[in-house]
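Please treat every number below as a calculation from the coordinates, not as lab data. Please read these numbers as outputs of a predicted model, since none were measured by experiment. We place every Cβ from the backbone using ideal geometry, glycine too, and count neighbours over all the protein chains shown.
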Amino acid sequence: MPLKNYIRDIQGFPKEGILFKDITPLLIDPQARNKCLEILVSSLKDKKIDKVIGVESRGFFFGMLIAQELNVGFIPVRKPNKLPYETISATYDLEYGTDTLEIHIDAIQKGDRILIHDDVLATGGTAKAVCELVERLGGKIVQCNFLMELTFLNGRAKIKGNEIFAAITY
């Protein structure tokens with residue numbers, strides 16, 4: 001079951017010049033979704049993880065499933081003004097602009113071992129911002145975990161020094 005068969009390309013979304021990787025077909029199909037979860041979790045054998053971060057918004061889907069599978073806490077990292085409690089933030093560059101992410105100040109305790117999960121590693125800006133948030137709160141990054149990696153954009157360079165895993169590579 002090649003997972004790439006469940007990823008749909010959308011040209012010009014969210015703006016002209018972007019080829020968007022739509023994961024909706026993967027989410028709809030229970031067998032493909034379960035296979036994807038199995039692959040993502042298989043990269044974590046023998047790793048101690050205390051909490052899983054899911055990055056807004058598509059990182060929430062598998063991030064929560066991974067946390068459930070590992071029986072650990074789940075931390076949402078969100079766009080500004082979406083979290084109700086006190087937060088810290090990091091601003092980053094996207095392949096099509098800039099954005100900011102926030103995390104609750106009490107989501108990570110010093111020394112917590114954190115798995116960061118997002119849907120795609122593209123230019124690495126989002127992942128770098130989340131890594132900064134984890135480190136500022138005293139967490140230790142166990143792995144940066146992605147549904148897919150767009151290797152031609154070299155996002156790994158922005159988060160080098162961290163273990164990186166992607167279920168699908170382009």
Quiz item: Given +1 on the Cβ of Lys and Arg, -1 on the Cβ of Asp and Glu, and no further charges, what dipole in debye does the stretch 1-105 carry about its Cα centre, rounded to the nearest 20?
Solution: 260 debye
Quiz item: Here are some pairs, Lys4/Lys48; Lys51/Lys82; Lys45/Lys82; Lys48/Lys160; which of them have Cα atoms lying more than 25 Å apart in this structure?
Solution: Lys4/Lys48; Lys45/Lys82
Practice problem: Give me the net charge of Lys158's neighbourhood, meaning all other residues with Cβ under 10 Å from the Cβ of Lys158; Lys, Arg count +1, Asp, Glu -1. | Solution: +2
Self-check item: Paired Rg and Dmax values of the chain, which use every Cα atom, in angstrom
Solution: 15.2, 43
Quiz item: When the scattering of the stretch 9-101 is computed by the Debye formula from its Cα atoms alone, each counted once and equally, what is log10 I(q)/I(0) at q = 0.20, 0.24 Å⁻¹?
Solution: -1.14, -1.22
Quiz item: Taking the highest mean first, how do the peptides 83-94, 131-142, 158-169 order by number of other beta carbon atoms within 10 angstrom per residue?
Solution: 131-142, 158-169, 83-94
Quiz item: Hey, got the dipole for the stretch 30-170? About the Cα centre, +1 on K and R Cβ, -1 on D and E Cβ, debye to the nearest 20?
Solution: 260 debye
Exercise. Check cross-link reach from Lys35 to the aspartates and glutamates: straight Cα distance under 14 Å, and skip same-chain residues fewer than eight apart.
Key: Glu69
Exercise. Using the Karplus curve 6.51 cos²θ - 1.76 cosθ + 1.60 with θ = phi - 60°, work out ³J(HN,Hα) for each residue of the stretch 83-92 in order, rounded to whole Hz, and write x for Gly and Pro.
Key: 9, x, 9, 5, 10, 10, 9, 9, 9, 8
Quiz item: Along the positive direction of the dipole of the chain (beta-carbon charges: Lys, Arg +1; Asp, Glu -1; about the Cα centre), which of Tyr85, Ser57, Leu137 reaches farthest?
Solution: Leu137
Self-check item: Per-residue HN-Hα couplings for the stretch 47-53 [Karplus 6.51, -1.76, 1.60; θ = phi - 60°; Hz; x = Gly/Pro]
Solution: 10, 8, 10, 9, 8, 10, 9
Quiz item: If amide H atoms are built 1.01 Å from N in the plane of the peptide, which residues on other chains or at least 5 residues away come under 5 Å of the amide H of Ile53?
Solution: Ile75, Leu115, Ile116, His117
Self-check item: Cα-centred dipole magnitude for the stretch 5-60, charges only on beta-carbon of K, R (+1) and D, E (-1), debye, nearest 20
Solution: 200 debye
Quiz prompt | Over the stretch 105-170 - Rg/Rh using Cα atoms and the Kirkwood inverse-distance radius | solution = 0.98
Quiz item: Counting only residues 5 or more places away or on other chains, whose amide H sits under 5 Å from the amide H of Met148 once H atoms are built in the peptide plane?
Solution: Val120, Leu121, Ala167, Ile168
Quiz item: In percent, how large is the relative contact order of the chain, given Cα pairs closer than 8 Å and 6 or more residues apart?
Solution: 18 percent
Practice problem: Could you run the Karplus curve 6.51 cos²θ - 1.76 cosθ + 1.60 with θ = phi - 60° over the stretch 129-135 and give me ³J(HN,Hα) per residue in whole Hz, x for Gly and Pro? | Solution: 4, 5, 4, 4, 4, 4, 5
